[in-house]
Amino acid sequence: MANFKFTKADNTRINDVDWSNLGFGVYFSDHMYVAEYKNESWNDGEIVPYGPLPMEPGMCTLHYGQSIFEGLKAFSSIRGGVNIFRPDMNAKRLNHSGSRVCIPPFDIKTLIEAMIELVKVDIDWVPQQRGTSLYIRPVVFGSSSFLGVHVSSDYTLVIMTSPVASYYPEGLNPLKIMVASEYVRAVRGGLGSAKTAANYAASLLAGKEAKEKGFSQVLWLDAVTRSFVDEVGAMNIMFVIDDELITPPLEQGTILAGVTRDSVLAIARGWGLNVSERPVEIDELFTANEKGTLNEVFGTGTAAVISPVGELSYKGRTIVINGGKIGSIAQKMYDTITGIQYGELEDTYGWNLHIDV
Ligand SMILES: Cc1ncc(COP(=O)(O)O)c(C=O)c1O
């Protein structure tokens, strides 16, 4: 094994896994990678058995939320071995998120090596069935203990892995989404472009209320005018109006720069589709729906890949998209991205980091 110190778990928990019913984020593999930042530098980190971390009640992150994370996947390739999808993008985004909440950057090469070694150590945890994968979750948090609002001096980085199936119980079946009219998630100048705990905390109540009303997720509007579409709780959002594929732009800094978003846009441009990254008013969607030109709505994200939206509800008005069925672009996009990830299609973009096992 590479350079990392490795302590093997005494016992494996792999036999506790219900492989035919993985769900999402339920099981954790046998090992994790842990690195510590002290005296202004990161140590080399080591791979140890997955388990509890030492923590004092005064640990600042519990109080002030100085925490960032990432999510990416390793796929069992039909050509043998495992493909990690675009880990460089997630590694860079982790450091971007860190810069917004004063967490010191971690070396990108070391982070990717740690992910590779962790996947190799727990290679038996990479599920084999189509639609499943090994989710990789790096998280970094301030680990000093103190009271008072200021940055931590010490940090811990952990990478854990989890065998997963689909994120939504609906799978590829279209979701019902509620447009948030009461709450907002991220403001201009705020934390929206960072994958930091606070954004998710801000979304929980609206998500809970939407679930109670029978919706799977919330679609957030911009926090200033509350008229432009931002993104969904754990996905970016795309619309097909006439022949234009539209997604909200990144410039305002209120949405996450999704790796799947970037991949979908590249593939769509490669197909010659008319692609726009531009502001989309919620009213534009309802008007297009009335005209019959709102052809498709779908979310994009690592966890859910492509998630068609069958119903959008806003202030009591509900529209049904494409008869509540998955649209042709969403389906073709899903087939193309997952085809690349599982090694069924040629990886012309060079997105897979292939691990021979
Ligand atoms: C708020 C939010 N937006 C968008 C995404 C999609 O990003 P990605 O495609 O990199 O998973 C995610 C998932 O990480 C998310 O949490």
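The values are calculated or read from the model by the stated rules, or taken from the named source; none is laboratory data. The shown structure was predicted, so the numbers you read here are calculated from the model rather than taken from an experiment. A quick note on method: Cβ atoms are made from the backbone with ideal geometry, for glycine too, and the neighbour counts reach across all protein chains shown. What goes into the accessible areas is simple: the full protein's heavy atoms, side chains included, and nothing from ligands, DNA or RNA. Shrake-Rupley method; radii C 1.70, N 1.55, O 1.52, S 1.80 Å.
Data table
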quantity	calculated
Boolean, ILE282 is closer than 22 Å to ARG86 by Cα, touching a Ser or Thr at 6+ places or on another chain (Cβ under 9 Å) and aliphatic (A, V, I, L, M)	no
Region 64-115, residues that are of a type in the set (Val, Ile, Thr) and surrounded by fewer than 17 Cβ atoms within 10 Å (Cβ to Cβ)	ILE78, ILE108, ILE112
Residue tally, condition over 24 Å from SER216 (Cβ atoms) and in a helix (DSSP H, G or I), over region 269-299	5
Residue within region 284-296 that is of a type in the set (A, V, I, L, M) and within 16 Å of the ligand (Cβ to nearest atom) present	no
Within region 71-93, considering residues that are touching a Ser or Thr at 6+ places or on another chain (Cβ under 8 Å) and part of a loop (DSSP other than H, G, I, E, B), the one farthest from ARG137 (Cα to Cα)	ARG86
The listed residue being open to solvent by 60 Å² or more (accessible area, probe 1.4 Å), at pLDDT 95 or above and not assigned by TED's automatic domain parsing to the domain that holds SER133, out of GLU290, GLU296, GLU284, GLU311	GLU290
Subset of region 321-357 (residues that are open to solvent by 80 Å² or more (accessible area, probe 1.4 Å) and either closer than 17 Å to LEU245 by Cα or part of a strand (DSSP E or B) (or both))	SER328, LYS332, HIS354
Subset tally (residues that are surrounded by fewer than 21 Cβ atoms within 10 Å (Cβ to Cβ) and more than 16 Å from the ligand (Cβ to nearest atom)) for region 167-187	8
Index of the failed condition, PHE24 passing every other in (1) crowded, with 18+ Cβ neighbours inside 10 Å; (2) within 16 Å of the ligand (Cβ to nearest atom); (3) aromatic (Phe, Trp, Tyr)	(1)
Filter result for the condition that a residue is within 21 Å of SER76 (Cβ to Cβ) and either modelled with pLDDT under 95 or not hydrophobic (A, V, I, L, M, F, W, C) (or both), over PRO163, PRO174	PRO163
Which numbered condition SER216 fails, given (1) farther than 28 Å from SER166 by Cα; (2) in contact with a strand residue (DSSP E or B) (Cβ under 6 Å, 6 or more places away or on another chain); (3) of a type in the set (Gly, Ala, Ser)	(1)
Of residues in region 244-263 being part of a loop (DSSP other than H, G, I, E, B) and either more than 10 Å from the ligand (Cβ to nearest atom) or of a type in the set (S, T, N, Q) (or both), the one most open to solvent (accessible area, probe 1.4 Å)	GLU251
Any hit, region 138-160, residues being within 14 Å of the ligand (Cβ to nearest atom) and at negative phi	yes
Among residues of region 215-228, those that are charged (D, E, K, R) and either under 21 Å from PRO308 (Cα atoms) or buried (at least 19 other Cβ atoms within 10 Å of the Cβ) (or both), counted	1
Residue ID - nearest to TYR168 (Cα to Cα), chosen from residues in region 194-214 that are open to solvent by 30 Å² or more (accessible area, probe 1.4 Å) and not in a helix (DSSP H, G or I)	GLY214
Residue, most open to solvent (accessible area, probe 1.4 Å), within region 234-243, restricted to residues that are touching a residue at least 40 places away in the same chain (Cβ under 8 Å) and of a type outside the set (Phe, Trp, Tyr)	ASP242
Per-region count, region 30-55, residues in a loop (DSSP other than H, G, I, E, B) and either over 11 Å from SER143 (Cβ atoms) or over 26 Å from the mean Cα position of the chain (by Cα) (or both)	11
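Residues checked against (1) within 22 Å of the chain's Cα centre (by Cα); (2) among the polar types (S, T, N, Q):
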site: SER263; (1), (2): yes, yes
site: ARG269; (1), (2): no, no
site: PHE286; (1), (2): no, no
site: THR302; (1), (2): yes, yes
site: GLY316; (1), (2): no, no
site: ILE319; (1), (2): no, no
site: ILE329; (1), (2): yes, no
site: GLY350; (1), (2): yes, no
site: HIS354; (1), (2): yes, no
